[in-house]
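Down below is the structure, laid out as structure tokens.
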Amino acid sequence: MLKALLQEIRTAGCLSRAQLAAKLGEPIGLIDEGIEQLKRLGYLAEDSGERCTAGCGRCPYASLCSQNFVKTLSLTAEGQRLTAEH
Amino acid sequence: MPKTVALAGNPNSGKTTLFNALTGANHHVANWPGVTVERKEGQFRCGSDVYTVVDLPGIYSLGAFSEDELVARDYILSGEPDVVVNVIDATNVERNLYLTTQLLEMGANVVVALNMVDEAESLAMSLDAQALSKRLGVPVVPTVASKRQGIDQLMAAAVRAAADPSVKRKLDLSYGQSVDAKVTQLEKLLKDRDLVYPPRWVAVKLLEGDGQVLKMVEERLTSQDVEELRRVCEEAAAENSDLQLEIVDGRYRFIQKVTRGAVARPKKEVPTLTDRLDKVLTHRFWGLPLFAVIIFAVFQLTFVIGQDLLGGLVGEGVGLLGEYIDGLLARANASELLRSYVADGLIGGVGVVLEFIPLIVILYTLMGLLEDSGYMARAAYVMDNTMRKVGLQGKTFIPLIVAFGCNVPGVMATRTLENKKDRMTAILINPFMSCGAKLPIYLAFIAAFFPKYGALVLFSLYVLGVLVALAMGKLFGRTLFKGESSHFIMELPPYRMPTLRNVVRNMWDNVSSFLVRAGTVIFVVVSLLWVLAVLPAGVEPYGSESILGRVGAVIAPVFAPAGFGTWQASVGLFAGVAAKEAVVATLGMVYAGVEEGVELVSALQKAFTPLSAFAFLVMTLLYTPCVATLATIKKETGSAKWAFFSAGYAFAVGWLGAVLVFQLGRLFGLS
């Protein structure tokens, strides 16, 4: 299941979790669980979009910055290696 | 000694509701020894017997990744609980069974509470508790803890299991041939040792690299045995670099086997409003055209409301304020120089930037509506296909969207890109996005030359910026930063009704920042340029003999092929490197000073043709980023080389674009 999930993320490109669940025919809860495991095992990296270290309070451009961060999950080098092997 | 029942389950599985239903007020709260994790313990009666109930922390698995997991695992392995009631959320059985599987792997005496079955029924799910029980090999009792349904049956099953632990299920999962062989090898080495824990479970944990279990093994086994165990583990890891994944996947295979036919969801789940909207708005083919139409509609509405209805209000206000202040200065016998500075420098320069406030207010209000509704998050999603065609990924578009507000946070937002190729490319193409500071330039020239086609011209500039960014992205991908883009999925937030508070806050954040910049950066730039425009003494202020005029005249020939080779346009562009709003402010000052009371719009109409005006807009869209952006590029890339590169290549692209527009336009007979 985890390999299929990782492969789907690689080949299908940009997808939401809900679409991943529909595509793999699994409930979204299990997809969430699988993603958590893949993150823990180092095959996926989550990015909350809030990695700016300036700290909004001290940043003169805070008011011009995006207030709604987009969360993304990317394949790590390990994830890319595994999917390339299969 | 009363028997002990431990409650284990995922967060939000209804475990604490069950604990409260069982113990009522008869419980107390303390901490687990040595940690800050809360321990809730109480009593419940079953017939004449009293049982102790321990509510374990909510966990998803029994690894060693958090204090909660360790506390729960250690407690279960200690043998203190006679039975573990595993509460699972019936609406999310598959996910919850991961913990169940691990409990069974460690040989715990488990009874499953299939909780919230009423919610599962409302979702038209069908659950076969008997089949689940047979496949798991432990009792499975449907419950609704919040309504106290099924609790008596559950506790009866728990009491039976506690009374006869010999019937408990021991699960020997298969993790795949190669992993199983290593598990067996380790199990043999661990057998008949004083481990307390089941040898097979310890073997699996050692292969999973569980530090806590390794520590326990080191304390209880001889160094020779430990060495041998390590050797087998290292050998296993060398043979299979995805060993841990194979073990986890083995558990999922088991879960799929257990739930097949026993847990069924309606084939056609009722689509939510977000699902239905996304089906249209993020469609593979028309998602992008729809995005373009929506953005165009935003621009059109901006001009209808901001210009047709509100246009001129602030302009008139600024004009009246200028006259009033000039009157005051005249009555106070102020010097001509001071009056000129206030009238031409401040009112003509900074004031002219403020005239576009109504348009900016409307634009950011409409954009705020899109952002707060959740639609803007879809922009990167619908752009993914296009981005991939040029060798970038959709995620690269997220910093570009941020750059529509300001290029500085846009460049900083590239930190979210892990891949160096994507990040460097996104940094270098970021300044091609139409930031808010470029808006007054567009709006001034649209008012002067394209008042009937404002939305179209504005839209074309935004689109041109994106197209040039994509083209340069592709070029960089083939030359400077070769490599594969990373793959990703996005968490798309659900659509929601925008709130007035969020929309107004978003608009005010942008407008107030604009006003602050008008009062600081632009004020300073205009004041400095005003000094250069009236010096040296004796020359005609704002004339070609002033220092500013002479500097502009030196640069002007560069722009002649683009149709705006005047010293005024040149100093305007030069000032724009300090801050883009300064382009309009400078043009306002140099034109206002020449002819008393002249408006920027009519001055522009005399100095430019529609074709050269559009070429000038293309130049301002694409040319050298402002100093704040360049400083951020230096900081983010860690090298001044890239900041200089960005300044130089963007100028070349802007100049080339402007020359192409002007020369091709002339070729087609435009003027």
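The values are calculated or read from the model by the stated rules, or taken from the named source; none is laboratory data. Because the structure is predicted, anything quoted here is derived from the model rather than measured. FYI the Cβ positions are ideal-geometry reconstructions off the backbone, even for glycines, and counts take in every protein chain you see. These accessible areas exclude ligands, DNA and RNA; they are computed on the full protein's heavy atoms, side chains included. Shrake-Rupley method; radii C 1.70, N 1.55, O 1.52, S 1.80 Å.
The helices (runs of 4 or more DSSP H) located wholly in region B:369-455 that include 1 or more residues which are touching a helix residue (DSSP H, G or I) at 6+ places or on another chain (Cβ under 7 Å) and away from every other protein chain (no Cβ under 13 Å) occupy B:420-429, B:439-449. Could you list, in sequence order, the residues of region A:66-84 that are at pLDDT 75 or above, of a type in the set (S, T, N, Q) and closer than 17 Å to residue A:32 by Cα? Answer for region A:66-84, where residues must be at pLDDT 75 or above, of a type in the set (S, T, N, Q) and closer than 17 Å to residue A:32 by Cα: just A:74. Only one entry of B:548, B:528 meets the criterion of being more than 14 Å from chain A (Cβ to nearest Cβ), more than 22 Å from residue B:443 (Cα to Cα), out of contact with any strand residue (DSSP E or B) (no Cβ under 9 Å at 6 or more places or on another chain) and surrounded by fewer than 16 Cβ atoms within 10 Å (Cβ to Cβ), and that entry is B:528.
From the list B:583, B:590, B:539, B:571, the lone residue that is at pLDDT below 90 and either among the acidic types (Asp, Glu) or within 26 Å of residue B:659 (Cβ to Cβ) (or both) is B:590. Considering only region B:652-671, state which residues are open to solvent by 70 Å² or more (accessible area, probe 1.4 Å) and either in contact with a Lys or Arg (Cβ under 8 Å, 6 or more places away or on another chain) or aromatic (Phe, Trp, Tyr) (or both). Listed by number, the residues that qualify are B:655, B:668.
Which is at pLDDT below 90, loosely packed, with under 14 Cβ neighbours inside 10 Å, in contact with a strand residue (DSSP E or B) (Cβ under 9 Å, 6 or more places away or on another chain) and basic (Lys, Arg), of B:160, B:148? Steps first, please.
Details: B:148 fails: in contact with a strand residue (DSSP E or B) (Cβ under 9 Å, 6 or more places away or on another chain).
Sole residue among the options that is at pLDDT below 90, loosely packed, with under 14 Cβ neighbours inside 10 Å, in contact with a strand residue (DSSP E or B) (Cβ under 9 Å, 6 or more places away or on another chain) and basic (Lys, Arg): B:160.
Among residues of region B:555-578 that are free of Cβ contacts under 8 Å to residues at least 12 places away in the same chain and over 16 Å from residue B:618 (Cβ atoms), those with a Cβ under 7 angstrom from a residue that is open to solvent by 30 Å² or more (accessible area, probe 1.4 Å) and among the small types (Gly, Ala, Ser), sequence gap 6+ or separate chain, pair up as B:557/B:565. Just one of the listed residues (B:634, B:641, B:606) is in a helix (DSSP H, G or I), without any contact (Cβ under 8 Å) to a residue 24 or more places away in the chain and farther than 27 Å from residue B:469 by Cβ, namely B:606. Among the residues of region B:380-435, the ones that are small (Gly, Ala, Ser), touching a Gly at 6+ places or on another chain (Cβ under 9 Å) and either open to solvent by less than 10 Å² (accessible area, probe 1.4 Å) or within 15 Å of residue B:292 (Cα to Cα) (or both) come to 5 in all. The set of residues in region B:69-92 that are assigned to a helix (DSSP H, G or I) and surrounded by 24 or more Cβ atoms within 10 Å (Cβ to Cβ) comprises B:72, B:73, B:90. State which residue is modelled with the highest pLDDT when the search covers only region A:9-26 and only residues that are at the interface with chain B (Cβ under 9 Å from one of its Cβ atoms) and open to solvent by 20 Å² or more (accessible area, probe 1.4 Å). Step by step, filter region A:9-26, then rank; the result is A:26.
Just to be sure, is residue B:261 over 28 Å from the mean Cα position of the chain (by Cα) and part of a loop (DSSP other than H, G, I, E, B)? Yes: the conditions hold for residue B:261.
Here residue B:241 meets the list (1) of a type outside the set (Val, Ile, Thr); (2) assigned to a helix (DSSP H, G or I); (3) open to solvent by 70 Å² or more (accessible area, probe 1.4 Å); (4) free of Cβ contacts under 8 Å to residues at least 40 places away in the same chain almost entirely, failing just condition (2).
Scanning region B:523-540 turns up no residue that is aromatic (Phe, Trp, Tyr) and part of a loop (DSSP other than H, G, I, E, B). Does region B:147-157 contain any residue that is within 43 Å of the chain's Cα centre (by Cα) and in contact (Cβ under 8 Å) with a residue 40 or more places away in the chain? Yes, region B:147-157 contains a residue that is within 43 Å of the chain's Cα centre (by Cα) and in contact (Cβ under 8 Å) with a residue 40 or more places away in the chain. Just one of (1) at pLDDT 90 or above; (2) over 19 Å from residue B:202 (Cα atoms) fails for residue B:49. It is (1). Within region B:18-43, the set of residues being modelled with pLDDT under 75 and either open to solvent by less than 40 Å² (accessible area, probe 1.4 Å) or part of a strand (DSSP E or B) (or both) comprises B:27, B:28, B:29, B:30, B:31, B:32, B:35, B:37, B:38.
Scanning region B:45-68 for residues that are in a strand (DSSP E or B) and surrounded by fewer than 18 Cβ atoms within 10 Å (Cβ to Cβ) returns B:45, B:46, B:49, B:50.
Here is a check on your reading of the model: is residue B:79 within 34 Å of the chain's Cα centre (by Cα), assigned by TED's automatic domain parsing to the domain that holds residue B:145 and closer than 18 Å to residue B:200 by Cβ? Don't jump to the end; show me each part of the working.
Values: within 34 Å of the chain's Cα centre (by Cα): no; assigned by TED's automatic domain parsing to the domain that holds residue B:145: yes; closer than 18 Å to residue B:200 by Cβ: yes.
Against the criterion (within 34 Å of the chain's Cα centre (by Cα), assigned by TED's automatic domain parsing to the domain that holds residue B:145 and closer than 18 Å to residue B:200 by Cβ), residue B:79 does not qualify.
Condition test on residue B:288, is it of a type in the set (A, V, I, L, M, F, W, C) and modelled with pLDDT of 85 or more? It is true that residue B:288 is of a type in the set (A, V, I, L, M, F, W, C) and modelled with pLDDT of 85 or more.
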